[in-house]
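A short reminder: the numbers here are calculations on the coordinates, not readings from a lab. Keep in mind that this is a model prediction, so the values were computed, not measured. When we count neighbours, we look across all protein chains shown, and the Cβ atoms used for this are built from the backbone with ideal geometry, even at glycine.
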Amino acid sequence: MEVCGWAPSQVLGTLQYAGGGWERASVRCNPTGKVTVVAGTSPHGQGHSTTFSQIVADDLGVTPDDVEVLAGDTSIATWGLDSYGSRSLSAGGVAIHKAAERVREKARILAAHELEVAEEDLEWTDGKFQVKGAPDRAKTVPELAFSAWAAHNMPEGVDPVLEASAVFDPPNWTYPSGTHICVVEIDPDTGSTRIDRYVAVDDCGTIINPMVVDGQVMGGVAQGIAEALYEEAIYDENGTLLTGNMSTYRVPSAAELPGYTLGKTVTPSSTNPMGVKGIGETGTIAAPPAVMNAVADALRFVGVEFIDKPASAEKIWRVVQQAQGQAPPDRAPEGGGTGAASMTPGVEGGAA
Amino acid sequence: MIPAAFDYEVAESADHAVSLLGEHGEDAKLLAGGHSLLPLMRVRLAAPSVLVDIGRLGDLSYVRDGGDHVAVGALTTMEEAHFSDLLERECPILAHTAGEVGDPQVRHRGTVGGTVAHADPASDIPTVLLALDATLVVRGPDGERTVPASDFWLGIFESALGPQDLLTEIRVPKLGGAGWNYQKFHPRAQDWAIVGVAAVARNGGVSVALTNMGEKPLRAGAVEQALASGSDPAAAAEQVLEGTSAPNDALASSEYREHLAKVLTRRAIEGARSS
């Protein structure tokens, strides 16, 4: 479990934060039928455009392709507190949803006016405003966006153009949770580790896009495995970095990484109207201890009590040598525990 | 990451390449696939004044049946060698090991001749050629000559190639069903070998050669002799350090490399004998 969705402003104030925890967004329905969203958060590979487009598409009855998301430029996205602490969706995404709902409420007024019915005689069905009992009489948001831009026939007291902005200051954090289990096999002759199985079950509340969520988990787990087994900044005695390029700083590739078994439970968050929690940090938080615990579980069979990250092949070989030189292992494998690791003496060719 | 300035010449034929080398002197370097030389130039560990590009000499890219041997043109890429039916049939250890070099992008550009001439002791192909007793064909100002693999590599980036020599062909024996094995220990698939061991079991003996255990690929003569006098693979592998000087760097300590050499030598011998 992690405390995510960094907010609320009042609490951050008590924690001596300089800034608050709100997010702001605006949604503009262009006369072309396209929708422009301005987000205060900044994407760097998490798929914000995909996820935010889906939220707005659902709210306004357009397709995700009709929605453009702008972010990361303070001359466009004037207000925002940015992407960190898994808050882009639970703070920023909810602000977008609120803004889109405001757009839709204005669109309802316009639709009632144009269809010459009372607002309460309209229902939002199949992505458009229909007259109850007369589904042929309907208006879509793009149609209303055009007439609000032309402004030839606005209702009394309603301004032209169809757009809205909203700020969301979450009343609480979100609390995504999960369990990751890793099975490793270590070649006792060379010390190299192979990950045989990696299972991750996460609960990020309401899922907007399952592929984005799975992608975030897989990418994060890959980074976590890298931290546990591969990447290391090594300095010599003069403080010179010896691992300053991609051939010595070992970022693993797909060839070194296992397939992942991913599962989900969905427990909507009670702290925001969409029930979302955030998924971006689970991999880097859960994978290093899962992998290191599996390595440690395997190594305890040969008497190793501790190994530091990253558990490179040479480091494993050294701790096994030390453990066997000082005190031969006398502990038989114990029952219970996670059973998450195995060590097969004499395994051949694991790393070759 | 930007190389020092250099001039660039395109060779139209093997003889033209040799004459261009003569024209530009010792600071000229041949450019084939460029996957070893160009990275060194980008970090300025190499700064040739002239590059003579032999990459367009299509007649140096082939795998041919040479009777008692298979002839591999120097500009054959790793990928072509890896997927050569002729090598797969007659000298599968070379086809296999070509597929262990780098990653697919590297193997599509890097050449067999390039890795041989570059003489990096961490390269896989020279070790295999040494275990095979391969022959290298060299074109120089005085014509063509052949050099046995055992005489070809002299040190780090040093070979029997003179400043005006062009490697044109690699000749490997037909193995005729002999056992073989190449053990490459590398943390990531695309990495250079921390240590590599080639073993070829033929003519009643086993030849063993080592990658990255010294300043050039090394034959493990003591291991071969121990096997010839009846030692089992594990006991023979204990002899592998004779004549080695394993590097000690950020990728691995020499102590660990020495341990790996014993493990991989045993596995390579067992693999060669059971294949």
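Treat the count of other C-beta atoms within 10 Å as a stand-in for reagent exposure and order A:246, B:213, A:292, A:154 from fewest to most. Walk me through the intermediate numbers first.
Details: A:246 9, B:213 31, A:292 21, A:154 17.
Neighbour counts put them in this order, fewest first: A:246, A:154, A:292, B:213.
So, R0 is 51 Å and r is the distance between the beta-carbons of residue B:245 and residue B:68; what FRET efficiency does that work out to, to 0.05? Write out the running numbers ahead of the final one.
Values: r = 35 Å, r/R0 = 0.69.
Efficiency computed from Cβ-Cβ geometry: 0.90.
Hey, got the average number of other protein chain Cβ atoms within 10 angstrom for residues in B:181-190?
Per residue, the number of nearby Cβ atoms from other chains is 5 on average.
Normalised by the number of residues in chain A, what is the relative contact order in percent for Cα pairs under 8 Å and 6+ residues apart? Working shown, then result.
Details: 723 pairs, mean separation 68.7, N = 352.
20 percent.
Of B:274, B:179, B:77, whose Cα points farthest to the positive end of the dipole of chain B (charges on the beta-carbon: +1 Lys, Arg; -1 Asp, Glu; origin at the Cα centre)?
B:274
Residue by residue through A:313-323, how many Cβ atoms from other chains fall within 10 Å of the Cβ on average?
Values: counts 6, 10, 1, 0, 7, 4, 0, 0, 3, 0, 0.
Whole-number average of other-chain Cβ neighbours for A:313-323 is 3.
Based on other C-beta atoms within 10 Å, arrange B:108, A:113, A:44 from fewest to most. Could the numbers behind the result be given before it?
On the way: B:108 14, A:113 18, A:44 7.
With the fewest neighbours first, B:108, A:113, A:44 line up as A:44, B:108, A:113.
Given R₀ = 41 Å, FRET efficiency for residue A:134-residue A:58 by Cβ-Cβ distance, to 0.05?
Rounded to the nearest 0.05, the efficiency is 0.95.
Tell me which GluC sites (Glu not before Pro) from segment B:11-65 have a DSSP coil assignment and no more than 14 other beta carbons within 10 Å of their own.
On the way: sites: B:12, B:23, B:26; in loops: B:12.
Those that pass, being in a loop and sparsely packed, are B:12.
Mind pulling the angle between the C-alpha long axis of helix A:210-225 and the longest principal axis of chain A? Nearest 10 degrees, somewhere in 0 to 90.
The two axes meet at around 30 degrees.
Please report the relative contact order for segment A:177-351, taking Cα pairs under 8 Å with a sequence separation of at least 6, and give it as a percent rounded to a whole number.
Numbers: 309 pairs, mean separation 64.2, N = 175.
37 percent.
Could you calculate the FRET efficiency of residue B:151 with residue A:233 from 1/(1 + (r/R0)^6), where r is the beta carbon distance between them and R0 is 41 Å, rounded to 0.05? Mind showing how you got there, number by number?
On the way: r = 42 Å, r/R0 = 1.02.
Efficiency for this residue pair is about 0.45.
Cβ under 12 Å from residue B:84's Cβ, residue B:84 left aside: what net charge do those residues give with Lys, Arg +1 and Asp, Glu -1? Working shown, then result.
On the way: positive: B:64, B:89; negative: B:65, B:79, B:80, B:85, B:88, B:90.
That works out to -4.
Using the charge dipole of the protein assembly as shown (Lys, Arg: +1 at Cβ; Asp, Glu: -1 at Cβ; taken about the Cα centre), state which of A:144, A:320, B:228 has its Cα farthest towards the positive end.
A:320
What are the GluC sites (Glu not before Pro) within segment A:189-268 that DSSP puts in a loop, where the Cβ has at most 15 other Cβ atoms within 10 Å?
Working: sites: A:227, A:231, A:232, A:237, A:256; in loops: A:231, A:232, A:237.
Of the GluC sites (Glu not before Pro), the ones in loops of segment A:189-268 whose Cβ has at most 15 other Cβ atoms within 10 Å are A:237.
Apply the a/c threshold of 1.5 to the C-alpha gyration tensor of chain A and tell me whether it is rounded, prolate or oblate. If you can, show how the numbers build up before the last one.
Values: a/c = 3.10, a/b = 2.65, b/c = 1.17.
Prolate shape, in that a/c is at least 1.5 and a/b is the bigger ratio.
Nearest 5 percent is fine: what portion of the DSSP beta bridges confined to segment A:177-351 is antiparallel?
Around 65 percent antiparallel, to the nearest 5.
Inside 10 Å of the C-beta atoms of A:234-241, what's the mean count of C-beta atoms belonging to other chains? The partial results should precede the final answer.
Details: counts 3, 1, 1, 0, 0, 0, 0, 1.
The shielding value for this peptide is 1.
For residue A:146, put the label point 7 Å out on the Cα→Cβ axis and report which residues of segment A:32-64 keep their amide N under 16 Å from it.
Answer for segment A:32-64: A:32-35, A:62-63.
Run the dipole for the protein assembly as shown about the Cα centre, Lys and Arg Cβ at +1, Asp and Glu Cβ at -1, nothing else charged, and hand back the magnitude in debye, nearest 20. All intermediate terms of the calculation are to be shown ahead of the outcome.
On the way: 45 positive and 82 negative charges, 147 e Å.
My answer is approximately 700 debye.
When the dipole is taken about the Cα centre of segment A:1-136, and only Lys, Arg (+1) and Asp, Glu (-1) are charged at their Cβ, what size is it in debye, to the nearest 20? Spell out each step's value before the answer.
Details: 11 positive and 19 negative charges, 102 e Å.
So the magnitude is around 500 debye.
Net charge within 12 Å of residue B:238 by Cβ-Cβ distance, Lys/Arg positive one each and Asp/Glu negative one each, not counting residue B:238 itself? Kindly include the intermediate steps, with their values, before the conclusion.
Details: positive: B:262, B:266; negative: B:232, B:242, B:258.
Neighbourhood net charge equals -1.
Please rank A:3, A:302, A:35, A:167, fewest neighbouring Cβ atoms within 10 Å first, as an exposure proxy.
Working: A:3 12, A:302 19, A:35 28, A:167 15.
Ranked by crowding around the Cβ, least crowded first: A:3, A:167, A:302, A:35.
Using alpha carbon centroids, what distance separates segment B:189-242 and segment A:20-87, in Å?
Each part's Cα centre sits 61 Å from the other's.
Find the centroid of the Cα atoms in segment A:209-243 and in segment A:137-181, then give the distance between the two in whole Å.
When both Cα centres are located, 39 Å separates them.
Testing the spin-label approximation: label points 7 Å from Cα along Cα→Cβ at residue B:225 and residue B:144. State their distance in nm.
Placing both labels 7 Å beyond Cα along the Cβ direction yields 3.7 nm.
How big is the gap, in Å, between the Cα center of segment A:256-282 and the Cα center of segment B:73-139?
47
From the helices alone, meaning DSSP H stretches of at least four residues, give me the mean residue ellipticity at 222 nm for the protein assembly as shown, per-run term -39500 (n - 2.57), in deg cm²/dmol to the nearest 500.
Numbers: 19 runs with 194 residues, N = 627.
Rounded to the nearest 500, the figure is -9000 deg cm²/dmol.
Given chain A, what count of lysine pairs have C-alpha atoms under 25 Å apart, with each pair 8 or more places apart or on different chains?
Here the count comes out as 13.
I need the GluC sites (Glu not before Pro) found in segment A:62-159, filtered to DSSP loop residues with at most 12 other beta carbons within 10 Å of theirs.
Numbers: sites: A:68, A:101, A:105, A:114, A:116, A:119, A:120, A:123, A:143, A:156; in loops: A:116, A:156.
Filter output for segment A:62-159: A:116, A:156.
Nearest 10 degrees, 0 to 90: what angle lies between the long axis of helix A:141-150 and the longest principal axis of chain A (Cα atoms)?
50
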